[in-house]
Amino acid sequence: EAVRALERAAALAPDLLPAHILAGDALVHLGRFGDAAAHYRAALAVHPACGDAWRGLGNIKTQPLSAGDIAALQAQLARPDLVDSDRIAMGFALGKALEDHGRHPEAFAALAEANARMHRLAPWQAPAFSAHVARLVEATGHLPAPVDPALGDEVIFIVGLPRSGSTLFEQILAAHPQVEGASELDDLDAVIAEESNRRRQPLPAWLPAASAEDWARLGRRYLERTARWRTRRRRHTDKLPENWLHTGLLAAMLPGARIVDARRDALEAGWSCFKQQFYRLPHFACDLADIAAYIGDYERAMAAWQAARPQRVRVQRYEALLDRPEEEIRALLDFCGLPFEPACLDYHQTMRSVRTPSASQVRQPLRRDTARAAHYGNLLDPLRRGLDASTDRS
């Protein structure tokens, strides 16, 4: 419905950039990548330095930009009159295109420049984040036993690092007739924020005062907010990656929920984060050392929370899925309390809106050629050293 309205707007006003960009974005969500690219290119015909159009084209990861596109991007980036938002978006698109053409040192330089600009806009505070995670792990070790251990059985959370296969795992589950794929929801964050505002204390300061009844109330509030995702099917996925921070809280709030921890090789995942433009600032992915520190915080916290609730938290490894697809899919379904469904093996044929940068990839069969980090050699040494240091701390 949105596509029809936006395409009508673009037809009535061909020079209206937002109509083309939003139409392109909506078409990507629906898997119509050729039509989406046509709208992005129509926007570039109006404004060749439109960062949102280049961002859209770059995110259609199954359709690499051409050598001509690289030349056009480089010419636009040489302009002195660009606003930061366009320059950053084009820098990420250029980095992706250069990588696809095997020009790895140039790709690294383009991505490093774009990330440096993002970092200057809003620097990530790695030590403060690490301290926050440590406080959460400590505080969630003393939560009350749940009033109703089955509360939240309708929900499958998919958490982890961005770019680690979470959209793929959701697509597999959404192929099951009992599961609605809801993509990245902000409801869990919103419920926690509501409670923090009500208590006039930030998380985790108020955790010691929360009773089992309080947690049940918050769990019911989440289920009320997400009820629309369970009108056709009994269960739904919630795959906001940073919900890993709330894994410890879910033991009291939605103890019946399953939590799938999407894991990919840390070097590959970290490098993939560095290549992807994220719009919420500050963001850890703008600096290789910050990425390594974030991965260390995440892995240590999830190890503690999974050890406490192994029956409700499953580490699902991307590489294992590539090696043993049917075995891993059967194990994932079993963990979620779902009967085996052959359609989950053909997840790429599932027709649904996918609203993440992986929208094009999850509509393809499994690919084994997704590793990229080795091409960059010692350029990624800051990330390697940081990951090694984080492992030593664990």
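The values are calculated or read from the model by the stated rules, or taken from the named source; none is laboratory data. Just so you know, these numbers come straight off a predicted model, no measurement behind them. Neighbour counts are summed over all protein chains in view; Cβ atoms, including those assigned to glycine, are modelled from backbone coordinates with ideal geometry. These area figures cover heavy atoms from the full protein model, side chains too; ligands, DNA and RNA do not enter into them. Shrake-Rupley method; radii C 1.70, N 1.55, O 1.52, S 1.80 Å.
Applying the criterion of being touching a residue at least 60 places away in the same chain (Cβ under 8 Å) and more than 19 Å from the chain's Cα centre (by Cα) to the residues of segment 275-330, the residue that is most open to solvent (accessible area, probe 1.4 Å) is ALA308. Filter segment 17-51 down to the residues that are closer than 22 Å to ILE88 by Cα and either of a type in the set (S, T, N, Q) or not in a helix (DSSP H, G or I) (or both) and list them by number. Answer for segment 17-51, where residues must be closer than 22 Å to ILE88 by Cα and either of a type in the set (S, T, N, Q) or not in a helix (DSSP H, G or I) (or both): HIS47, PRO48, ALA49, CYS50. Of all positions in segment 33-51, at least one carries a residue that is surrounded by 15 or more Cβ atoms within 10 Å (Cβ to Cβ), out of contact with any helix residue (DSSP H, G or I) (no Cβ under 6 Å at 6 or more places or on another chain) and of a type in the set (Phe, Trp, Tyr).
Filtered by the rule that a residue be closer than 15 Å to ARG235 by Cα and hydroxyl-bearing (Ser, Thr, Tyr), segment 146-185 gives a lone residue, SER183. Among the numbered conditions (1) under 25 Å from the mean Cα position of the chain (by Cα); (2) assigned to a loop (DSSP other than H, G, I, E, B); (3) of a type in the set (Lys, Arg), the only one that ARG79 does not meet is (1).
Here segment 153-162 is the region considered, the condition is being touching a helix residue (DSSP H, G or I) at 6+ places or on another chain (Cβ under 7 Å) and either surrounded by fewer than 24 Cβ atoms within 10 Å (Cβ to Cβ) or of a type in the set (S, T, N, Q) (or both), and the residue that is nearest to GLN311 (Cα to Cα) is GLU154.
Selection of segment 111-140 for residues being aliphatic (A, V, I, L, M) and either exposed (fewer than 15 other Cβ atoms within 10 Å of the Cβ) or touching a Lys or Arg at 6+ places or on another chain (Cβ under 9 Å) (or both) yields LEU111, ALA114, ALA116, LEU121, ALA122, ALA128, ALA131, VAL133, ALA134, VAL137.
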